[in-house]
1. Specify the residue that is nearest to residue 68 (Cα to Cα); the eligible residues are those in the stretch 101-140 that are in contact (Cβ under 8 Å) with a residue 60 or more places away in the chain and of a type in the set (Ser, Thr, Tyr).
2. Residue 240 - would you say it is among the aliphatic types (A, V, I, L, M), free of Cβ contacts under 8 Å to residues at least 40 places away in the same chain and out of contact with any helix residue (DSSP H, G or I) (no Cβ under 6 Å at 6 or more places or on another chain)?
3. Here are some residues: 149, 164. Which one is away from the ligand (no atom under 12 Å from the Cβ), within 16 Å of the chain's Cα centre (by Cα), assigned by TED's automatic domain parsing to the domain that holds residue 130 and within 22 Å of residue 110 (Cα to Cα)?
4. When the residues of the stretch 28-43 are filtered to those that are in contact with a Ser or Thr (Cβ under 8 Å, 6 or more places away or on another chain) and away from the ligand (no atom under 12 Å from the Cβ), which remaining residue is modelled with the lowest pLDDT?
5. Just to be sure I understand, how many residues within the stretch 134-155 are over 10 Å from residue 94 (Cα atoms) and part of a loop (DSSP other than H, G, I, E, B)?
6. Based on what the data block shows, is residue 23 outside any loop (DSSP other than H, G, I, E, B) and within 14 Å of the ligand (Cβ to nearest atom)?
7. Looking at 180, 216, 231, which is the one that is out of contact with any strand residue (DSSP E or B) (no Cβ under 9 Å at 6 or more places or on another chain), within 16 Å of the ligand (Cβ to nearest atom), in a loop (DSSP other than H, G, I, E, B) and on the phi < 0 side of the Ramachandran plot?
8. How many residues does the stretch 79-124 contain that are within 14 Å of the ligand (Cβ to nearest atom), more than 21 Å from residue 53 (Cβ to Cβ) and assigned to a helix (DSSP H, G or I)?
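The values are calculated or read from the model by the stated rules, or taken from the named source; none is laboratory data. Remember, predicted model here, so these are calculated numbers, not experimental data. Here the Cβ is made from the backbone with ideal geometry for all residues, glycine too, and neighbour counts use every protein chain on show.
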Amino acid sequence: MNESTSPHIYLAPLRGLTGAVYRATYAEFFQGIDGAVAPFLTTIQGTRIKPGQLKELLPENNRLMPVIPQILSKSADKFIVLAKALFDLGYETINWNLGCPFARVAQKMRGSGLLPHPDVVQSFLDVVLTAIPNRLSIKTRLGRRQKDEILALMPVFNAYPLQELIIHPRTGEQMYTGKPDLEIFAQCLDLSRCPVVYNGDINTRQDFESLRRRFPAVSAWMIGRGVLANPFLPAEIKGLLDVTGNRMERFHLFHDTLYDRYAQVRHGPAHLVDSMKGYWTYFAAFFPGGERILKQIRKSQGTEQYKKVVDSFLARAVSP
Ligand SMILES: Cc1cc2nc3c(=O)[nH]c(=O)nc-3n(C[C@H](O)[C@H](O)[C@H](O)COP(=O)(O)O)c2cc1C
């Protein structure tokens, strides 16, 4: 990618956070995201698809931001059934989750649990890629336990016509600790026959610039926590004008809209407040001294108290 062209930025999948409600609301208030990979769907329900399973991905809930659905599965047969149902909804590209780090997932050889097993990945891709009508992209970590597990997987990935390989350069066991390993990422970038997307710890425009300088061959960038903490980040990276103006007012309106929409879909006030508290884990970083407000928000009980704490804070907050 040339320095002068606008980078392609994906919103990362964060289960419980970057679902359809967040994506649509984000797209109404902020600029700079070109598309998203949705948080994973599982196939543990079997090969019968319940209508509710696809609600998050119904086209009417996803008009404002292009989205690639993601599937977490080790069963080729079940994956194929779900991929076809997604194709029928209009999804020409789907993503396979090879990165989920949670022990209960990895132990069952799903997500990052598949990374030490190139032969199993190969058998899966052999069956799936001849059967699905969609294009396939993969989102992966470097390994489950070892950072170089991915090097044995690269020839497997290269044997198939993958749409994109999205790499978060940590192991599953690392979860989110330590730093992304850029040396191994560089090796993967050199080895990959398909376009590579970089993902991990882009929290400022400077983070992005230094990665872009180091990896001009990266085809697109994926940001998760950095966008949740600073929803203006993609526009800042792209130098879009919308970073001027009253950022705090925009954030406040965005928050209130998100809240109102969750109020429609969450079952009861406790779930609603829990959902919003989940966002504040990340939102707090947007504000100088945000830990203090985070503590108050976490302590708040019920919607009335939550709204009171948040409203009075946002009305006083100064744009960073
Ligand atoms: C709460 C949470 C939920 C996540 N859910 C998913 C998911 O559903 N699918 C996935 O591929 N990655 C998931 N991830 C990983 C992110 O997509 C991303 O790879 C990771 O946060 C690193 O990128 P970042 O530093 O830009 O956030 C999740 C991460 C977090 C913190």
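1. Per the criteria, the residue is 137.
2. Working: among the aliphatic types (A, V, I, L, M): yes; free of Cβ contacts under 8 Å to residues at least 40 places away in the same chain: no; out of contact with any helix residue (DSSP H, G or I) (no Cβ under 6 Å at 6 or more places or on another chain): yes.
In short, no.
3. Numbers: 149 fails: within 16 Å of the chain's Cα centre (by Cα).
One residue alone meets the criteria, 164.
4. 43
5. Looking only at that region, the number is 5.
6. Details: outside any loop (DSSP other than H, G, I, E, B): yes; within 14 Å of the ligand (Cβ to nearest atom): yes.
Against the criterion (outside any loop (DSSP other than H, G, I, E, B) and within 14 Å of the ligand (Cβ to nearest atom)), residue 23 qualifies.
7. Values: 180 fails: out of contact with any strand residue (DSSP E or B) (no Cβ under 9 Å at 6 or more places or on another chain); 216 fails: within 16 Å of the ligand (Cβ to nearest atom).
Answer to the check: 231.
8. So the answer is 4.
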